[in-house]
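Step one of this worksheet: look at the structure below.
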Amino acid sequence: MISIDDLHFGYSEQKILSIPQLEVKESDHLLILGKSGSGKTTLLHILGGLLSPKGGKVLIGETDLYGLSGTQRDKYRGQNIGLVFQKAHLITALTVQENLLLAQYLSGTAQDKGRTLEVLKELNLGDKANKKVRKLSQGEQQRVTIARALLNRPRLILADEPTASLDDDNAKIVIDMLKEQAARYKASLIIATHDQRVKDQFELQLNLDTP
Amino acid sequence: MNLFSLSWSYVKDKPLNTVLNVLLMSLGIAIILVLLLLNTQLEENLGKNKRGVDLVVGAKGSPLQLILANVYHIDFPTGNIKLDEAKTLTRNRLIKSAIPLALGDNYRGFRIVGTNHDYVKLYSGEAEEGRLWKNNLEVTLGANVAKRLDLKPGDEFFGAHGMSVADLTHEEASYKVVGVLKSGNSVLDNLILTNIESVWAVHDHEEEGEEHEGEHDHETEGEPAYETGFPEGDEDAEITSMLIQFRSPMGAIQLPRMINANTNMQAASPAFETQRLFSLMGIGVNMIKSFAYIIIVIAGLSIFISLYNALKDRKYDLAIMRSLGASRGKLFVHVVLEGILITFLGALLGFVLGHALVEVLAGYYEKSEEVGITGLVFVNQEWIVLLLSIGVGILSALLPALNAYRTDISKVLAQD
């Protein structure tokens, strides 16, 4: 589903990492482990089309991510890749539902209020649709970002330290939700983390700390 | 959800900032619009009222005063000229027509003007009720006079000596209203028109009453000259001025010099004097205008600073929008749109404020109605001001928008 071919990348000028070959199949999950500063966020951004690698290819299905123009890549990402970050980056000027509608608008898919409510309900946020983002708790906000990531039925879900700022209970809920939703949409799930609580839950792991 | 509603949400999300910027902007726009409205209307109305008058001949004094008093009826007359001298002048071959005016009295602040029917024709005036004056002491009222004083044909009143309300009344001879003119947005609206003999007659009575003398008696002989031409009068008879139309452009070159040099009268050109008036006023107008532009520049600067500062907090928002599929161009437009929205709101508020202010001022000063100033008209140049304000919005949002365009999403998102 997603494959990496001879990828070179560096999060700083001195340290260049390379991944010769890697493949994550549909519905498979991959955990990228590493200390902070090990380059896992950088790798995740490359997989998400947010940052061009120094060399090599990233293929999602048949699409060569860095063969696309900037604008095409933005659009492709909006429609096929769901991103979840450590902090819940939501547009605070908007309501929960407007945040989701914005995601549909920006990715160029049809705006569908029914769909936004459906996703919110799946994540137990059905009653929060018209609330301003600021009125939500941290855990709720993180769930809204997951809802936003799932909205366009992505083929790939990328999560960067999704549990770092959450307590044990919420961390478990978020991880379970990500797995459950990935399974529902038959999406590949890639999580970058140094969180020990997450480690045991995934079989396929890539450790960037090992030289 | 679209770019417009997205930008609007941000504008709404910072109400204090938005209100401040909108207010600043509207203040600048309002001042410019007030000046624009006043200037355009003044110019238009002054232009309309001097139409057909090439030269005004009256007593020596300030030429500007002569024009203001005899064409626009806002200043005091410079004095009187001898009827005989005026009549002699009209025989000049360069003069096509001359309308005599006799000023000096008012009724409750509205001027009583002795003249002939040519004066009404000059402004294409028509009687709406009744008819034009014919016999002595008959008057026809301007539309505004009839409305304000609530007079109708058949009513009678006593004129007062002088140009302002508090002066002595001529209680010996009363005027009789025989007609009311249609409103034509000209000086006629605010005048009480009669024939010249009536003005004389009223003053004769006064002189007789006060001095018990019969010397200044100029009895009108024969038909009063109410339709055209000059009335018959004795050698002491005086009028205030006459409005002259040239037969050919040569008149403009020869007549004023001839009159000013060879007679006891003065000639002044309405076109030249109003232009002089505007250039005198222009200094003040330009200063206020510069002040308004400074306010607009400050408003633009304030919008720029707000957007620029807000963008620091918003770089995550922008990065997220990019990660959701927004192209660089879309973010650029999104930020520019925000600047435009604020200035457009400012312009809209300024538009309302400016027009309201002119209307309030016009209602406050009675004179403004006579000059024909109102806040309820739209001047074409206002479009330019509107465009200008949107230009300010674009300009002030340009740099912040460029920053939004250049956002390095990966870097911003990695900074968690």
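Below is a table of values for the structure above.
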read-out	value
Spatial separation of Cα centroids for region B:64-82 and region B:128-145, in angstrom	22 Å
Reachable lysines, given that their alpha-carbon falls under 17 Å from the alpha-carbon of A:K35 and they are not under 8 places away in the same chain	A:K15, A:K199
Heavy-atom accessible surface of chain B: percent carbon and sulfur, 1.4 Å	59 percent
Mean accessible surface per residue for region A:71-147, computed with a 1.4 Å probe while every protein chain stays in place, in Å²	39 Å²
Partner lysines for B:K121 [C-alpha distance under 26 Å; skip if fewer than 8 residues away on the same chain]	B:K48, B:K50, B:K82, B:K87, B:K96, B:K134, B:K147, B:K152, B:K176, B:K182, B:K367
Shielded by partner chains, region B:292-317 residues - at least 10 Å² of accessible area, 1.4 Å probe, vs chain alone	B:Y316, B:D317
Ellipticity estimate at 222 nm from DSSP helix runs (n ≥ 4, -39,500 (n - 2.57)) divided over chain A, nearest 500	-10500 deg cm²/dmol
Top of B:N80, B:N70, B:N403 by mean-square fluctuation, Gaussian network on chain B, Cα under 10 Å	B:N403
For the pair B and A, total buried accessible area rounded to nearest 100 Å², probe 1.4 Å	2400 Å²
Residues along region B:382-416 losing 40 Å² or more of accessible surface when the other protein chains are present rather than the chain by itself (probe 1.4 Å)	B:S410, B:L413, B:D416
Region B:58-86 residues near the modelled B:M258 label - backbone nitrogen below 20 Å, point 7 Å along Cα→Cβ	B:58-60, B:81-86
Computed helical MRE - 222 nm, chain B, DSSP H runs ≥ 4 contributing -39500 (n - 2.57), nearest 500	-19000 deg cm²/dmol
Between region A:94-133 and region B:253-311, the Cα center-to-center distance that results, in Å	57 Å
J(HN,Hα) series, region B:392-398, from Karplus relation 6.51 cos²θ - 1.76 cosθ + 1.60, nearest Hz, glycine and proline x	4, x, 5, 4, 6, 8, 4
Occluded residues from region B:319-350, i.e. those whose accessible area drops by 10 Å² or more once the chain is not alone (1.4 Å probe)	B:I320, B:M321, B:R322, B:S323, B:L324, B:G325, B:A326, B:S327, B:K330
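The values are calculated or read from the model by the stated rules, or taken from the named source; none is laboratory data. These numbers come from a predicted model, not from an experiment. As a convention, Cβ positions derive from the backbone with ideal geometry for all residues, glycine included, and neighbour counts pool all protein chains shown. In case anyone asks, the SASA skips ligands and DNA or RNA and just uses the protein heavy atoms, side chains included. Shrake-Rupley method; radii C 1.70, N 1.55, O 1.52, S 1.80 Å.
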